[in-house]
Amino acid sequence: MKTNKFSQTLILILLLITLNSISCCKGTAPDITPDAPANTPTPVFNSLSIQTDKAVYKPGDDVTFSMDISTLPAGAKVRYKYLNTVVSEAIVSTAGWKWGTPSDDFRGYTAEVYATANNIETIYAVSAVDVSSIWTKFPRYGFISKYPILAQTSVDSVIANLNRLHINGLQFYDWQNKHHIPLPIVGTTPLASWKDIGGRDNYLASIQQYISSAHGRGMKAMFYDLVYGAWENAEADGVDVKWSIYNDPTHTNRDFFALSSPFLSNLYLLDPANSGWQNYMINQVNNVYKYLAFDGYHMDQVGDRGTRYRYDGTNALLSNAFKPFIDAIKTAVPTKFNVLNAVAQYGQQGIATSTSDFLYTEVWSPSDSYNDLANIIKQNNTLCNNTKNTVLAAYMNYDMASTPGYFNTPSVLTTDAVIFAFGGSHIEMGEHMLCREYFPNSSLTMKDDLNKALINYYDFSVAYENLLRDGGTFNSVTLSSIDSKIAISAWPSSLGKVAVFGKKVDTRQVIHLINFSNATTQKWRDNTGIQVMPALVKDAKVVLTSDATVKKIWIASPDVNGGASRSLNFTQLANKVSFILPELRYWDMVVVEY
């Protein structure tokens with residue numbers, strides 16, 4: 001009897017082994033979450049100031065760096081990195097030094113000044129370098145809005161601040177006199193000064209100073225004007241009323257954009273597709289370029305006017321009229337840049353397929369959520385077949401700007417994190433930070449923490465532009481937490497969660513984590529400034545589901561170490577990859593290389 005029981009037990013064991021073997025052969029491995037290995041110690045960050053001489057460089061150009069090295073230890077070095085790979089390094093022994101950029105075009109690099117003592121690395125300063133022969137590949141747009149008599153030192157100070165943010169293009173807002181005669185000329189000489197539509201005195205010399213200073217930093221200067229605006233009595237200046245658009249098919253009531261005091265005129269609207277108006281404006285544009293060294297034309301509109309009519313009673317179809325205007329200007333002046341503001345996305349479909357050099361959207365309701373910002377950028381990518389990058393005009397803390405005060409730092413950084421992570425840029429910086437669509441409005445001031453943080457955010461946008469803005473496909477990733485430190489959910493964002501989305505770029509899987517764990521609003525504009533700083537998350541254990549074999553994982557954040565990247569330890573078991581997020585404040589970017 002004992003032998004028989006032993007035989008039965010042995011047969012049962014063999015049967016179980018066989019079934020398990022068959023199951024394994026079918027690929028149904030058990031769902032085992034591997035341990036997340038500890039990372040190497042986080043570097044110490046000292047955050048010293050460092051400058052570059054220009055905002056953008058051509059391949060092979062020399063970059064001149066400058067910083068105070070009096071507190072650097074002997075033997076401190078600078079390393080130059082493309083993404084997470086060191087391409088060269090050198091000893092830092094003088095307050096100014098040069099780096100010859102590689103020959104590759106359209107690449108972003110990080111420069112990290114560091115030293116190591118007792119096996120502990122200290123990063124003293126971080127900056128970024130954009131090597132791009134054409135600035136519109138990765139537009140980082142700023143603005144100029146005030147043109148009184150200015151000392152050269154004041155002009156250079158504004159441009160130097162924008163240069164530290166690597167701003168490579170400037171919109172010269174309301175620099176002009178009449179919208180239909182932007183540069184007033186008597187005989188063959190431009191006036192020394194003139195009134196803009198807001199009644200301000202603008203000085204030719206100040207505009208010239210700004211253009212020259214910007215050019216010295218490698219920035220491009222774009223003159224602002226409407227594509228279809230004329231002041232009252234423009235007929236005396238050669239504007240034909242038959243070019244106008246009307247509220248009725250009987251050309252009785254001209255359409256105009258009403259402006260009250262202190263503005264000097266209403267703006268009467270013309271048909272951008274009308275060849276007569278196009279030719280008139282081509283002459284005006286050529287006059288601007290003849291006397292001022294602008295690099296391009298920043299074109300504006302006023303949004304959806306509803307049904308409007310031409311003089312002959314036909315529908316004006318303004319949303320389709322912007323493309324022919326842009327193309328006509330480009331044909332007439334092919335060496336200059338052009339961009340047109342799609343107000344609340346109005347007309348963007350035609351603009352995207354025109355000869356505009358990049359896309360620009362002024363964001364208004366109902367696009368009020370963070371997800372709306374992401375969707376605008378993705379929609380623009382689709383409309384232009386991923387050939388042009390996007391700049392968003394998104395005015396922060398709008399209602400607060402009715403009285404003097406301060407920007408809410410978490411509002412701005414959360415919005416910038418979303419815009420930058422989805423591949424866009426945010427026009428927000430000029431002589432001051434933007435709070436309203438009338439750019440000279442400077443009611444709100446930046447606090448020191450925002451000033452410092454923006455430097456890191458703009459460095460980050462340059463250093464990793466090839467992952468953020470250089471192609472790739474947005475995708476979903478399966479990332480989960482294996483401890484209680486964070487609650488992860490797939491994008492779109494929601495209160496109480498860390499929102500996650502992915503982007504596949506060549507052999508890299510980019511994973512963005514944006515922290516809404518204790519956010520108070522999902523409205524990006526944050527009109528009343530209620531957004532709060534996200535709770536800091538440290539050493540959170542996470543697991544990525546990945547069928548491919550992982551070669552390397554690294555992380556970078558504008559909130560940590562000035563954006564310097566670092567490699568992470570990981571463990572992969574079957575399709576589960578575990579690692580530890582060292583730190584998450586607003587935004588982390590994890591890069592998985594296969």
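For the chain, the Cβ-based charge dipole about the Cα centre amounts to some 1560 debye (Lys, Arg positive; Asp, Glu negative; other atoms uncharged). With a Förster radius of 41 Å applied to the beta-carbon distance between THR355 and ASP104, the computed FRET efficiency rounds to 0.95. For TYR311, neighbours were defined as the other residues whose beta-carbon sits under 14 Å from its Cβ, and their charges (Lys and Arg +1, Asp and Glu -1) total -2. For segment 256-312, the square roots of the Cα gyration tensor eigenvalues, ordered a ≥ b ≥ c, give a/c of at least 1.5 with a/b no greater than b/c, which places it in the oblate category. Amide H contacts for GLU362 (H built 1.01 Å from N in the peptide plane; partners 5 or more residues away or on another chain; cut-off under 5 Å): ALA342, VAL343, ALA344, GLN345, ALA393. A Förster radius of 45 Å, combined with the Cβ-Cβ distance separating LYS538 from ALA151, puts the computed FRET efficiency at roughly 0.45.
Only beta bridges with both residues in segment 140-468 are counted; by DSSP, about 35 percent of them are antiparallel. For the pair ALA490 and THR64, label points projected 7 Å from Cα toward Cβ lie 5.2 nm apart.
Between ILE91 and ASN527, the modelled label-to-label distance comes to 6.1 nm, taking each label 7 Å out from Cα in the direction of the beta carbon. Normalised by the number of residues in the chain, the average gap of Cα pairs under 8 Å and 6 or more apart makes the relative contact order 13 percent. Computed about the Cα centre, the dipole magnitude for segment 140-468 is approximately 500 debye when only Lys and Arg (+1) and Asp and Glu (-1) carry charge, each at its Cβ. For ILE91, neighbours were defined as the other residues whose beta-carbon sits under 15 Å from its Cβ, and their charges (Lys and Arg +1, Asp and Glu -1) total +1. Note on HIS251, HIS166: ascending count of other Cβ atoms within 10 Å places them as HIS251, HIS166, the fewest first. Exposure proxy for CYS384, CYS435: other Cβ atoms within 10 Å of each Cβ, ordered fewest to most, give CYS384, CYS435. Sequentially through segment 302-316, phi angles give Karplus couplings (6.51, -1.76, 1.60; θ = phi - 60°) of 10, x, 5, 9, x, 6, 10, 10, 7, 4, 7, x, 7, 5, 6 Hz, Gly and Pro residues having no value and appearing as x. Quick one: pull the percentage of alpha-carbon pairs in segment 473-593 with a separation above 26 Å. Summing the P(r) tail past 26 Å for segment 473-593 gives 17 percent.
Take the Kirkwood radius over Cα pairs of the chain, plug it into Stokes-Einstein at 10 °C and 1.306 mPa s, and you get 60 µm²/s for translational diffusion.
Remark on SER493: its backbone amide H falls under 5 Å from those of ASN371, a criterion applied only to residues 5 or more positions apart or on other chains, H modelled at 1.01 Å from N. Note on LYS146: lysines with a C-alpha under 18 Å away, same-chain residues under 8 apart excluded, are LYS178, LYS195, LYS220. Rounded to the nearest Hz, the phi-derived 3J(HN,Hα) couplings of segment 142-157 under the Karplus curve 6.51 cos²θ - 1.76 cosθ + 1.60 (θ = phi - 60°) are x, 8, 10, 9, 9, 10, x, 5, 10, 6, 4, 5, 5, 4, 5, 5, where x marks glycine and proline.
Put a dot 7 Å past the Cα of THR571, heading toward its Cβ, do the same for ILE482, and the two dots end up 0.6 nm apart. Each of ASP483, ASP61 was scored by other Cβ atoms within 10 Å of its Cβ. Listed from fewest to most, they are ASP483, ASP61. Each of MET589, TRP231, SER132 was scored by the projection of its Cα onto the charge dipole of the chain, and the greatest displacement toward the positive side belongs to MET589; charges sit on the C-beta of Lys, Arg, Asp and Glu. Projecting the Cα positions of PHE325, TRP175, GLY471 onto the charge dipole of the chain (unit charges on Cβ atoms of Lys, Arg, Asp and Glu, taken about the Cα centre) puts GLY471 furthest along the positive direction. Projected onto the charge dipole of the chain (+1 at Lys/Arg Cβ, -1 at Asp/Glu Cβ, origin at the Cα centre), which of CYS384, SER244, VAL542 gives the Cα projection farthest towards the positive end? Result: VAL542. Shape of segment 380-490 from the C-alpha gyration tensor: oblate (a/c of 1.5 or more and a/b not above b/c, with a ≥ b ≥ c the square roots of its eigenvalues). Over all other residues within a Cβ to Cβ distance under 15 Å of THR42, the charged ones net out to -3, with Lys and Arg as +1 and Asp and Glu as -1.
Apply the a/c threshold of 1.5 to the C-alpha gyration tensor of segment 44-131 and tell me whether it is rounded, prolate or oblate. It comes out prolate by the Cα gyration axes.
3J(HN,Hα) along segment 535-540, derived from phi through the Karplus expression 6.51 cos²θ - 1.76 cosθ + 1.60 where θ = phi - 60°, amounts to 5, 6, 10, 10, 6, 8 Hz, with x in place of Gly and Pro. List the pairs from LYS137/LYS447; LYS54/LYS81; LYS54/LYS552; LYS497/LYS576; LYS388/LYS504 whose alpha-carbon separation is above 27 Å, in the order I gave them. Going by Cα-Cα distance, LYS137/LYS447; LYS54/LYS552 fall outside the 27 Å limit. Cα centroid separation, segment 389-445 to segment 43-110: 29 Å.
Read-outs: derived from the displayed coordinates by stated rules, not from any lab. These figures come from a predicted structure and were not determined experimentally. Every residue, glycine as well, gets a Cβ built from its backbone with ideal geometry; the counts of neighbours run over all protein chains shown.
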